[in-house]
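Report on the following structure.
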Amino acid sequence: MNPLVNYFRNLQEIHSSQAAVKETSYYGTLETLLNEIGKTLKPRVRCIINLRNQGAGLPDGGLFNVDQFPKNQELEPFTAIFPERGAIEIKGTKEDVKKIAASEQVQKYWQKYGQVLVSNYRDFLLIGRNSQGQPVELEAYSLAPSEAEFWLKTSNPSKFAAEQGDSLLEYLKRVLLQAAPITSPADVAWFLASYARDAKARLEHHSDLPALANIRQALENALGIKFEQEQGNKFFRSTLVQTLFYGLFSAWVLWHKENLNREDKFDWKSAAHHLHVPMLAILFEQIAAPSKLKSLGLVEVLNWTGAALNRVRREEFFRQFDEGQAVQYFYEPFLQAFDPDLRKELGVWYTPPEIVRYMVARVDRVLREELNIEDGLANPDVYILDPCCGTGAYLVEVLRYITDTLQENGAGALAMALVKKAAIERIFGFEILTAPFVVAHLQLGLFLQSLGVPLIEDSERVGIYLTNALTGWQPPDEESKQKIQQLQLSFPELNKEREAADEVKRGKPILVILGNPPYNAFAGTSPAEEAGLVEVYKQGLISDWGIKKFNLDELYVRFFRLAERCISENTGKGVVCYVSNYSWVSEPSFVVLRQNLLKNFNKFWIENMHGNRKISEYAPDGRTSETIFSIPGFSAGIQQGVVISLWLKNSSQQGTKVLFRDDIDAAKAVERRSQLLESLKNQDFDAFYQVSNPEQSNRYSFRPSDVSSHYLAWPKLTDLCKEPPSNGLMEKRGGALIDIDKSSLEKRIKMYYDTSITWEELKTLKTGLTKDASGFEAKKVRLKVQKSEGFQQNNIIRYLIRPFEVRWCYYSKISPLWNRSRPDLWSQCWEGNSFLMSRPAGVANPEGIPICYTQLLGDNDFQRGHAYYFPIRLRQNLEKVNTEDNTQGKLFDSGNFNSPSIKANLSEKSRQYLNQLGINNLDENIENASLIWLHSLAIGYSTLYLGENADGIRQDFPRIPIPNSQELLIKSAQLGQVIASLLDTENPVIGVTKKPTPALQKIALISCTDGGNLNPDKGDLIINVGWGHGGKNGVTMPGKGKAIARQYTPAEMSVISPEMRKLLGTTTYDIYLNDRAYWQNIPARVWEYTIGGYQVIKKWLSYREEKLLGRGLTIAEVQEVSEMTRRITAIILLESDLDDNYQNIKTAVYSF
């Protein structure tokens, strides 16, 4: 629980008891809060209440570095430990902390301990030393202006804590670290981020920012963006704060560089004097103007920041900072601590140096070998751009490469001057965020300084510009010209920066584009010019390819278009090298993008970097594949799988070649990056790649595939149906409309519909129904729903959320209660109907079975890649009988309709095929209408079919071989019916879930470790061994749990034939709920069985961890796991029959 919530709750409980004294009764609450914060620090800081007298009286508490405490030894008698982080003085909530701080007692503590935290539980004031050694108020924090208001607020601890956010915790963390030495870039980054968060919180209390209106407009004009609505305001505030704090940091670094031995103190108020990039200096001056800072409440925070910088041990800090990589390590921790939401939304991630070195080396080699540019990057005619340069990692590595080349070429004493010339005149970087922009200038400046060719102050700068890389490539229109004139008048320095960036965009023959494009766009900032970049990649998606749902809004796609246009249309030749999201390589939505790249470039090299955490990717050795960006102890990296791609355009070459490499696949990111660098030693680089064959049949996929011609001749599932399939429902309400427990759902939804329940009462449930989201204004939606309909008991129905995972949902077609209510799907969900499900392309690895079956309403994410539902039959002409209450949800009752027409969901070709086999009465005969679908189900569960056609199945909806005889079709459909029954959890299966066979009786047998009985009332059915845990935004993440692999026991072996063991696996598992209860004997292949990208049993368990479910399992739920396991076992035992069926049909295929 949030330590602040506990703090407020405990204070309130003690206060309301009427048994407490005003001061000492509350000591424990503050001690607990400080220790909760202290244990997150390294070394830990410990608060101890009531210190012994060390000559200045008895402080109420002290703050200790735990390393001060003796280990395995006793102190000498009467030896006291000095509280390294200061003393604490506490009074009751009525007292004034400033008066307490001025008291004689606090002065004694200060003289003895050097630092005192004064508090009355609602206010905090830190007393320390100034540069003259005199007492000074350092930092203060107030929770409430009065005692009465404080106690009123603590009556709602959660709300009070939410109001504070992390501000008080950050403040107290700084207090605990105030006396600690600041020596490393990470320490400085943390303090800067902490103060920046405080500044951001203060800005957020100013809903309008009139003091900064001119700066806002100037930044919009200069950067070619628009700060729109609250998202735009957030980005603007973030830009202001980053400019202030990184401008301050940059000025401090440059102030230090002026005189390494200086002993005076840094004055943040003169920071602009030290900033040598005119645009940055003027921007800082404008934001930091005293009149603006005072009105925004930022003077105090900047005073604290300046004091923290003056506490840094500069010699130790710069010894690390000048080593190069510390500069980058400095930035990402800052952004993560300062604004993690912004970092995530922008997709800002630190690029490991191995990736940077690899990409720069590959570009240099391709320039030499493919474009015959002898000196590669060092050639003075090679202009280089990183359009999203961040902290400048790629640009520094390019300069390092140029340095080495020049030295190898014997440039002698002029080599470094040539490197500096390149940094100023032909190596460019664009950046839209001010913090990395500042750090990039610092990093390149430090690099040049290390070469002995520092930039001349005020007259020289490197080619890194604060600009929106995605705009400004075309001459300005009339509206833009007016904005430029306005910018020139108000901020000529900003306009000069814009002009310099535009000169690069329109006037320089860029030959190389490289970098790590951001993965996401930030809402509220994208102008039409930027958004229009990807329109060319959407042309024909619907009309030519039948792709109606696509997402090309990820920001990296715009950077692809920028690179394509710059190299192919402007320069006419060159190289692009990006590390980016993997999705563009083969996903259907990117087919037009790939077509464009194939048309405009001659050769591609693509390295799959694996590590896709969104699909839980595994390495060949079975270990989890870490994202390539993962750095132990620093960055967990991104969730998506990534690729490094290099594109070559050579005006003298004809044709296109796509090379794909998939063998750099070590589980650990550090090992995989080592493999990547090692590959640079390969002499014949192309020999390690597979040749891809992009063509229309595979949607121009850049991934190699082995798809047989006969597979491509078979019809896709979408060719079999009359009506296209529908996506499953999409809730996006945090599970508020879905529940494992029917009664809980019913109670919650009744409250939602009940007009006597106030909004505030409903909010206490803390569900997604009271939280605003994109396209969902929660309060307005509730009013709309209440006005449109009343609560309908019949709308609480069974709902398929994952394979073998059935819950309850409340359905309503009133939009946008559900994010996507899919009324077309709902209209086909009636008694007697059923659905086949699949997805438009495989995204999971492993995906397992790509097809499933249900009679229930189902979820969009039933399987990875989004589930599409093919109804077996269609009910049409659904004209509702008029009813007085306009109620919904009685679609299962045919009496509610005017003569509905039911037809088989079969395309014209499917009907012709069945008629040719002598199968008629398709609309009247349910069995005949289902034949082709049940046959498809049987094929989809054949491991032989899945193995032989894996590449083709991954690319699209599965293609199904259709038999050329009625006999084969009916036999296959009968197998499909058995599969359908095993997948249908709503009905028992004789011999499997009811009266199971002897072999199945031994499968997933619930057992007790001591051989005794289990007692649900004593917690024996609680799951607590780590099968799942809560992730961000309420998402459940699977855990390792406790699965013990073993050999079969003799008793188990006695009922399983050798043929069965061959199918089920030679080992089995015991799967534990807790240390006492377990399911005995779940064969290996059953345990690992995967449908739609989900490991079925493990996924089910992940949702039932006690911390998530809030209770133990019921007996019925324990039995559900046993039944689920036996159903999967039965499916696996059918595999031989399913494979034989596929083999027979494959040799007797109907030409569809």
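Of note:
- Matching option when the condition is of a type in the set (S, T, N, Q) and within 36 Å of the chain's Cα centre (by Cα), among Asn1024, Asn1081: Asn1024
- Selection from region 553-604 of residues that are outside any helix (DSSP H, G or I) and of a type in the set (A, V, I, L, M): Val575, Val576, Val579
- Residue within region 782-793 that is small (Gly, Ala, Ser) and either closer than 25 Å to Arg864 by Cβ or touching a residue at least 24 places away in the same chain (Cβ under 8 Å) (or both) present: yes
- For region 729-749, a residue qualifies if it is of a type outside the set (A, V, I, L, M) and outside any loop (DSSP other than H, G, I, E, B), and the qualifying residues are Asp739, Lys742, Ser743, Ser744, Glu746, Lys747, Arg748.
- Failed condition for Ser812, given (1) surrounded by fewer than 19 Cβ atoms within 10 Å (Cβ to Cβ); (2) assigned to a loop (DSSP other than H, G, I, E, B); (3) polar (S, T, N, Q): (1)
- Selection within region 467-501 - in contact with an Asp or Glu (Cβ under 6 Å, 6 or more places away or on another chain) and hydrophobic (A, V, I, L, M, F, W, C): Leu470
- Just one residue in the set Glu499, Glu530, Glu503, Glu493 is within 32 Å of the chain's Cα centre (by Cα) and of a type in the set (D, E, K, R); that residue is Glu530.
- Any hit, region 554-569, residues being touching a strand residue (DSSP E or B) at 6+ places or on another chain (Cβ under 7 Å) and acidic (Asp, Glu): yes
- Set Ile1006, Ile960: member being aliphatic (A, V, I, L, M), touching a Phe, Trp or Tyr at 6+ places or on another chain (Cβ under 8 Å) and under 30 Å from Ser708 (Cβ atoms): Ile960
- Positions within region 1033-1085 being touching a His at 6+ places or on another chain (Cβ under 6 Å) and not small (Gly, Ala, Ser), in sequence order: Met1037
- Residues satisfying the stated conditions in region 467-519, i.e. under 28 Å from Ala213 (Cβ atoms) and among the aliphatic types (A, V, I, L, M): Ala469, Leu470, Ile484, Leu487, Leu489, Leu494, Ala500, Ala501
- As for region 720-740, it holds at least one residue that is buried (at least 18 other Cβ atoms within 10 Å of the Cβ), over 27 Å from Gly1031 (Cα atoms) and small (Gly, Ala, Ser).
- Selection count where residues are without any contact (Cβ under 8 Å) to a residue 60 or more places away in the chain and not in a loop (DSSP other than H, G, I, E, B), scope region 25-59: 10
- When the helices (runs of 4 or more DSSP H) confined to region 192-309 are screened for residues that are without any contact (Cβ under 8 Å) to a residue 60 or more places away in the chain and either β-branched (Val, Ile, Thr) or within 18 Å of Phe334 (Cβ to Cβ) (or both), those reaching at least 1 such residues are found at 229-258, 271-274, 278-287.
- Flag: Tyr1142 matches the condition of being under 30 Å from Arg911 (Cα atoms) and among the hydroxyl-bearing types (Ser, Thr, Tyr).
- Filtered residues of region 1123-1152 (kept if under 19 Å from Arg1061 (Cα atoms) and hydroxyl-bearing (Ser, Thr, Tyr)): Thr1125, Thr1129, Ser1136
- Checking Asp665 against (1) more than 32 Å from the chain's Cα centre (by Cα); (2) surrounded by fewer than 21 Cβ atoms within 10 Å (Cβ to Cβ); (3) not basic (Lys, Arg), the condition it does not meet: (1)
- For region 909-953, a residue qualifies if it is among the charged types (D, E, K, R) and in contact (Cβ under 8 Å) with a residue 60 or more places away in the chain, and the qualifying residues are Lys909, Glu948, Asp951.
- Residue in region 119-134 that is in contact (Cβ under 8 Å) with a residue 12 or more places away in the chain, buried (at least 16 other Cβ atoms within 10 Å of the Cβ) and out of contact with any strand residue (DSSP E or B) (no Cβ under 8 Å at 6 or more places or on another chain) present: no
- For the criterion of being in contact (Cβ under 8 Å) with a residue 40 or more places away in the chain and either touching an Asp or Glu at 6+ places or on another chain (Cβ under 8 Å) or assigned to a strand (DSSP E or B) (or both), Gly62 passes.
- Where helices (runs of 4 or more DSSP H) fall wholly inside region 382-480, the ranges with 2 or more residues that are without any contact (Cβ under 8 Å) to a residue 40 or more places away in the chain and touching a helix residue (DSSP H, G or I) at 6+ places or on another chain (Cβ under 6 Å) are 393-408, 415-425.
Results for (1) among the hydroxyl-bearing types (Ser, Thr, Tyr); (2) more than 26 Å from Ile542 (Cβ to Cβ); (3) at pLDDT below 95, shown as yes or no for each residue.
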{"residue": "Asn693", "(1), (2), (3)": "no, no, yes"}
{"residue": "Asp706", "(1), (2), (3)": "no, yes, yes"}
{"residue": "Leu717", "(1), (2), (3)": "no, no, no"}
{"residue": "Asn727", "(1), (2), (3)": "no, no, no"}
{"residue": "Met730", "(1), (2), (3)": "no, no, no"}
{"residue": "Ile738", "(1), (2), (3)": "no, yes, no"}
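- For region 124-153, the candidate set comprises residues that are under 38 Å from the mean Cα position of the chain (by Cα) and among the small types (Gly, Ala, Ser); within that set, the residue that is farthest from Leu168 (Cα to Cα) is Ala144.
- Identification of helices (runs of 4 or more DSSP H) wholly contained in region 888-974 with 2 or more residues that are in contact with a strand residue (DSSP E or B) (Cβ under 7 Å, 6 or more places away or on another chain) and either modelled with pLDDT of 95 or more or under 25 Å from Pro850 (Cα atoms) (or both) yields 926-940.
- Scan of region 707-728 for residues that are under 32 Å from the mean Cα position of the chain (by Cα) and in a loop (DSSP other than H, G, I, E, B), ordered by number: Pro724, Pro725, Gly728
- Residue satisfying all of: in region 764-791; in a helix (DSSP H, G or I) and touching a Lys or Arg at 6+ places or on another chain (Cβ under 9 Å); surrounded by the most Cβ atoms within 10 Å (Cβ to Cβ) among these: Leu769
The values are calculated or read from the model by the stated rules, or taken from the named source; none is laboratory data. Since this is a predicted model, take the numbers as computed values, not measurements. A quick note on method: Cβ atoms are made from the backbone with ideal geometry, for glycine too, and the neighbour counts reach across all protein chains shown.
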